[in-house]
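Reviewing the structure listed below.
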Amino acid sequence: MEVKEASSTSADGKMDEDTGKVHLKRQLGLISAVSMIAGTMIGSGIFMSPQWVLYHMGSPGSSLLIWAACGLLAMLGALSYAELGTVITESGGDYIYILRNVGSLPAFLLAYTSVIVVRPAGIAGISLSFAEYVVAAFYPGCPSPQAVIKCTAAVCIIVLGTINCLNVRLSMSIMNFFTAAKLIVLLVIIVGGLVLLVKGNTQVFHNAFANTATGFGPVGVAFYQGLWSYDGWNNLNYITEELKNPEVNLPRAVMLAIPLVTCVYLLANVSYFAAMTPQELLTSDAVAISWGLKVLGTWTWIISLGVALSTIGSANGTFFSGGRVCYVAAREGHLVPIIIPVIVLIAAVYLVLAPIIGSPQLEYLYVTLFILSGLILYIPVVRYKWSPGWFHSVTLHLQLLLQVAPTDKNN
Ligand code: ARG
């Protein structure tokens with residue numbers, strides 16, 4: 001019985017006893033839901049973008065307004081999505097909403113671009129930020145080698161990909177852990193800033209709106225910089241089918257996570273401005289590290305660690321939801337086109353035959369003969385089912401020795 005159960009459902013799927021259909025288990029509660037949104041939103045942006053928002057807006061006051069406006073936009077978007085998510089209760093986020101409301105072709109195009117380019121590129125970008133921060137710690141005072149950065153990013157992608165394939169619960173625990181860790185690091189930045197403000201470092205805010213840029217261009221570009229930090233606000237809508245009590249938990253999680261992230265972002269920006277002049281901010285390589293060097297001194301490694309944990313957590317969230325786009329699109333018949341195995345087959349045949357035709361050698365013949373030697377066993381044992389008594393007793397003894405038992409098929 002045990003063996004049958006384990007082989008008939010995956011760790012994250014559940015079989016409906018009545019219909020025999022397999023579907024995803026509802027195992028995420030409110031805390032995981034909040035951490036899924038906040039943990040994906042807080043990635044590299046808040047540690048890198050503030051100087052670019054300032055660069056385009058020209059003044060600390062207007063920069064803070066842009067950060068607040070981006071938060072408001074994310075909140076309005078997320079509230080609309082929360083409504084969509086309670087009406088269309090399937091997982092898949094943007095994909096499923098377009099499929100159900102607009103039609104098959106636009107939904108297919110979204111899944112196609114998302115699976116082939118957008119998600120992989122997003123994960124690659126976040127993993128590269130992670131690798132830059134981790135590797136920099138081992139090369140103090142000199143630039144890190146690109147090959148080491150890229151290999152570290154690749155290892156990060158492989159590890160996160162494997163974890164996400166293996167177990168929903170494990171990747172969710174990782175998500176919760178990293179979200180807590182990054183919130184703690186941001187709290188360090190916020191408290192550090194408040195201490196500076198209390199000590200009287202308020203000069204930046206005296207003439208907060210001087211040099212403010214006007215016009216559509218700069219404001220639009222500044223919005224883009226800010227919005228990247230809020231990207232991920234719709235992440236929970238990709239996994240609605242795995243949420244416990246989604247009608248309640250989806251809107252609740254949105255209303256907790258987005259104001260939380262907005263407040264944290266605003267206070268982190270205030271802290272950056274309390275510690276650095278606009279000029280210092282604009283010439284910094286990475287705002288959070290420059291802040292650390294000024295305020296924490298030798299403890300700046302906390303910030304580097306925080307950025308690493310923050311980015312890897314955000315990449316994990318992107319993996320988590322990205323997998324559901326493939327899953328739902330495949331379920332809708334949009335991602336299992338026969339052309340893919342055909343291409344793989346043609347490529348495989350070409351790769352096998354090309355070297356043989358290019359430079360024929362006797363070894364290839366030996367390999368072919370070895371493969372065909374299997375016929376000596378296949379014809380009597382499999383085809384004509386020859387089974388002398390000792391076969392059975394050897395099998396039985398081996399099963400007892402290795403503690404294995406035959407199982408049934410999964411259908
Ligand atoms: N907001 C994140 C950052 O600042 C990026 C999140 C990208 N992932 C996503 N699923 N939208 O790095």
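The values are calculated or read from the model by the stated rules, or taken from the named source; none is laboratory data. Because the structure is a prediction, the values reported are computed rather than measured. Glycine gets a Cβ as well: all are built from the backbone with ideal geometry, and neighbour counts include every protein chain shown. For the accessible areas, the whole protein counts, side chains as well, though only heavy atoms, and no ligand, DNA or RNA atoms are used. Shrake-Rupley method; radii C 1.70, N 1.55, O 1.52, S 1.80 Å.
Structural remarks
- Centroid-to-centroid separation of the stretch 295-321 and the stretch 85-154 [C-alpha atoms, Å]: 17 Å
- With Cα atoms as the point set, the radius of gyration and Dmax of the stretch 229-360 evaluate to 24.1, 72 Å.
- For the chain, the number of Lys pairs separated by eight or more positions or lying on different chains, with C-alpha atoms closer than 23 Å, is 14.
- For the pair Y112 and C263, label points projected 7 Å from Cα toward Cβ lie 4.5 nm apart.
- Highest mean first, the peptides 130-137, 358-365, 87-94, 266-273 sorted by other C-beta atoms within 10 Å per residue fall in the order 266-273, 130-137, 87-94, 358-365.
- Rounded accessible area of I116 (nearest 10 Å², 1.4 Å probe): 110 Å²
- FRET efficiency, 1/(1 + (r/R0)^6) with R0 25 Å, evaluated for E280 and Y139 via beta carbons: 0.55
- With only the Cα atoms considered, the stretch 146-266 has a convex hull volume of 196 Å³ per residue.
- Length-normalised contact order for the chain - Cα pairs under 8 Å, 6+ apart - percent: 35 percent
- Distance distribution note for the stretch 111-215: the fraction of Cα pairs above 16 angstrom is 76%.
- Kirkwood Rh and Cα Rg combined as Rg/Rh, the chain: 1.10
- Per residue solvent-accessible surface (Å²) - the chain, probe of 1.4 Å: 55 Å²
- Among R169, R119, R100, residue whose mean-square fluctuation peaks in a GNM of the chain (springs only between Cα atoms under 10 Å): R100
- Only protein heavy atoms count here; on that basis, with a 1.4 Å probe, V325 has an accessible area of about 0 Å².
- Residue order for C156, C326, C165 - accessible surface, 1.4 angstrom probe, largest first: C165, C326, C156
- GNM top mover of G125, G141, G333 - the chain, alpha-carbon springs below 10 Å: G141
- Using C-alpha pairs below 8 Å separated by at least 6 residues, the relative contact order for the stretch 67-154 is 17 percent.
- Using R0 = 41 Å, the C-beta based FRET efficiency linking E83 and N211 works out to 0.50.
- Ordered from largest to smallest accessible area (heavy atoms of protein chains, 1.4 Å probe), the residues H392, H334 come out as H392, H334.
- Expressed as a whole percent, the accessible area of the chain that falls on carbon and sulfur atoms is 71 (1.4 Å probe).
- Taking L84, L194, L375 as the candidate residues, the one with maximal mean-square fluctuation in a Gaussian network model of the chain, Cα springs under 10 Å, is L375.
- Within the stretch 368-409, the percentage of alpha carbon pairs spaced more than 17 angstrom apart rounds to 55%.
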